[in-house]
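Peer 1: Have a look at this one.
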Amino acid sequence: MKVSELYGILENIAPFDLQEKWDNSGLQVGSFEDEFEEIYVSLDLDSKLVEDAKENSLFITHHPLIFDGLKSVDPTKYPSNLIYKMIKKDIKLISMHTNADKAFLNRYVVEEVLGYSITSVDEFLVDFVVNKSFDEFYQEISQKLSIEKPRAVKTKEFINSASICTGSGGSLLSQIKTDCFLTGDIKYHTALEAKENSITLIDIEHYQSEVHFAKALQKLLKDKGIDAIIAHSSNPYTTI
């Protein structure tokens with residue numbers, strides 16, 4: 001298959017024009033005329049994934065490997081080290097970041113991972129009804145997202161409804177109209193603002209909330225008759 005053919009299918013799943021202006025989704029390594037044999041899907045790329053991948057393959061990642069302009073390609077420094085290895089192995093790369101967030105990732109986490117029905121969607125934010133005590137909901141989120149003791153700001157004993165933005169969505173706090181906001185990378189001042197405005201927060205972590213990208217995209221590709229291999233990147237944080 002040519003890269004251009006797969007790109008057209010991905011464009012149908014999550015149009016690349018949906019990405020934010022600051023984003024860098026799209027074809028990052030390779031050309032549209034290149035052909036490939038295997039497809040791998042992953043949240044990120046790391047050295048082990050590139051080393052284990054077959055030659056003449058293609059990765060689809062959620063996070064772009066190339067975000068800011070590269071001034072040099074130093075094979076000893078990230079991300080150039082991965083680009084250097086990929087070119088030597090003829091590995092191509094397409095990234096689907098904010099376009100995937102808007103098109104399917106947040107919805108997938110709510111419906112398929114957490115098991116709730118969506119009530120509304122506004123770009124990155126997905127709302128759903130909870131109707132559970134905070135303690136019960138907190139434990140459920142911890143178990144379903146495999147996060148041991150998530151950080152939280154508890155302002156309510158009962159959660160009627162919640163909103164989610166996987167990854168890092170703290171900047172969206174002012175738009176929250178539900179009782180509880182689930183997102184990752186919550187900063188101290190965001191937590192303070194939430195407490196003062198009586199919005200309950202649960203930090204669902206960046207990696208743990210978005211690692212589901214691979215399975216979500218694999219399912220969408222399978223519906224179109226395309227097989228993809230899930231190749232999970234490792235969580236850079238160490239649990240001690």
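No value in this document is a laboratory result; all are computed from the given coordinates. Just so we're clear, the structure is a prediction, and the values are computed from it rather than from any experiment. Virtual Cβ from ideal backbone geometry, glycine too; neighbours counted across all protein chains shown.
Peer 1: Let me check I've understood the local charge: for residue 121, count other residues with C-beta under 12 angstrom from its C-beta, Lys and Arg +1, Asp and Glu -1. What total comes out?
Peer 2: On the way: positive: 102, 107; negative: 101, 111, 122, 123, 127.
So the surrounding residues net to -3.
Peer 1: Could I ask something else about it? Checking the a/c ratio against 1.5 first, then a/b against b/c, what shape does the Cα gyration tensor give for the range 162-240?
Peer 2: On the way: a/c = 4.07, a/b = 1.85, b/c = 2.20.
Here the range 162-240 falls in the oblate category.
Peer 1: Which of 176, 91, 9 comes first, and how do the rest follow, when ranked by fewest Cβ neighbours within 10 Å? If you can, show how the numbers build up before the last one.
Peer 2: Numbers: 176 21, 91 25, 9 14.
Neighbour counts put them in this order, fewest first: 9, 176, 91.
Peer 1: For a footprinting-style exposure proxy, rank 186, 147, 240, 87 by other Cβ within 10 Å, fewest first.
Peer 2: 240, 87, 147, 186
Peer 1: What are the ³J(HN,Hα) couplings of the range 235-240, residue after residue, when phi is run through the Karplus curve with 6.51, -1.76, 1.60 and θ = phi - 60°? Round to Hz, x for glycine and proline.
Peer 2: Result, rounded to whole Hz: 6, x, 7, 9, 8, 10.
Peer 1: Determine the shape class of the range 1-105: with a ≥ b ≥ c the square roots of the Cα gyration tensor eigenvalues, call it rounded for a/c under 1.5, and otherwise prolate if a/b is greater than b/c, oblate otherwise.
Peer 2: Numbers: a/c = 1.79, a/b = 1.25, b/c = 1.43.
Cα axes put the range 1-105 in the oblate bin.
Peer 1: Something else about it: Could you tell me the center-to-center distance, by alpha carbons, between the range 201-240 and the range 1-65 in angstrom?
Peer 2: First find each Cα centre; the distance between them is then 14 Å.
Peer 1: In percent, what relative contact order does the chain have, based on Cα pairs under 8 Å that are 6 or more apart in sequence? All intermediate terms of the calculation are to be shown ahead of the outcome.
Peer 2: Working: 453 pairs, mean separation 47.3, N = 240.
Taking the mean separation of contacting Cα pairs over the length of the chain, I get 20 percent.
Peer 1: Per DSSP helix of 4 or more residues, -39500 (n - 2.57); summed, then divided by the residues of the chain. What does that give at 222 nm, rounded to the nearest 500?
Peer 2: On the way: 7 runs with 61 residues, N = 240.
Helices in the chain give a 222 nm mean residue ellipticity of -7000 deg cm²/dmol.
Peer 1: Quick one: 96, 86, 1, fewest Cβ neighbours within 10 Å first, how do they rank? It would help to have the intermediate numbers written out before the result.
Peer 2: Details: 96 28, 86 22, 1 13.
With the fewest neighbours first, 96, 86, 1 line up as 1, 86, 96.
Peer 1: Can you tell me which of 43-53, 101-111 comes out highest on packing, and rank the rest after it, using the mean Cβ neighbours within 10 Å?
Peer 2: 101-111, 43-53
Peer 1: Hey, another quick one. When DSSP assigns beta bridges and you keep just the ones with both residues in the range 1-147, what percent turn out antiparallel, to the nearest 5?
Peer 2: Numbers: 8 of 17 bridges.
Counting only bridges with both partners in the range 1-147, antiparallel ones make up about 45 percent.
Peer 1: With a ≥ b ≥ c taken as the square roots of the eigenvalues of the C-alpha gyration tensor of the range 100-207, please select rounded if a/c is under 1.5 and otherwise prolate if a/b is larger than b/c or oblate if it is not? Show your work: numbers first, answer last.
Peer 2: Values: a/c = 1.29, a/b = 1.15, b/c = 1.12.
Because its axes are fairly even, with a/c under 1.5, the range 100-207 counts as rounded.
Peer 1: Where Rh denotes the Kirkwood radius from the mean inverse Cα pair distance, what is Rg over Rh for the chain? Kindly include the intermediate steps, with their values, before the conclusion.
Peer 2: Working: Rg = 18.8 Å, Rh = 18.8 Å.
Reported Rg/Rh, Kirkwood definition of Rh: 1.00.
Peer 1: Enumerate the aspartates and glutamates that residue 154 could reach by cross-link, defined here as Cα to Cα under 13 Å, with residues fewer than 8 away along the same chain left out.
Peer 2: Output for residue 154: 135, 136, 179, 193, 196, 203.
Peer 1: Among residues other than residue 179 whose Cβ falls under 13 Å from its Cβ, what is the net charge (Lys/Arg +1, Asp/Glu -1)?
Peer 2: Values: positive: 132, 154, 156, 177; negative: 127, 157.
Neighbourhood net charge equals +2.
Peer 1: How much length is gained on full extension from residue 7 to residue 230, taking 0.36 nm per residue of separation minus their Cα-Cα distance? Can you show the working numbers first?
Peer 2: Numbers: separation 223, 0.36 × 223 = 80.28 nm, distance 1.81 nm.
That works out to 78.5 nm of additional length.
Peer 1: Just tell me, in residue order, which DSSP H segments of the chain are both 20 angstrom or longer along the helix axis (alpha-carbon based) and at least 0.0 in mean Kyte-Doolittle hydropathy.
Peer 2: Working: long enough: none.
Correct list, ordered by number: empty.
Peer 1: Further question on the same structure: So what is the relative contact order for the range 100-207, in percent, with contacts set as C-alpha pairs under 8 Å and at least six apart? Could the numbers behind the result be given before it?
Peer 2: Details: 206 pairs, mean separation 26.0, N = 108.
Averaging sequence separation for qualifying contacts and normalising by length gives 24 percent for the range 100-207.
Peer 1: Excluding residue 206 itself, what net charge comes from residues whose Cβ is under 13 Å from its Cβ, given Lys and Arg +1 and Asp and Glu -1?
Peer 2: -4
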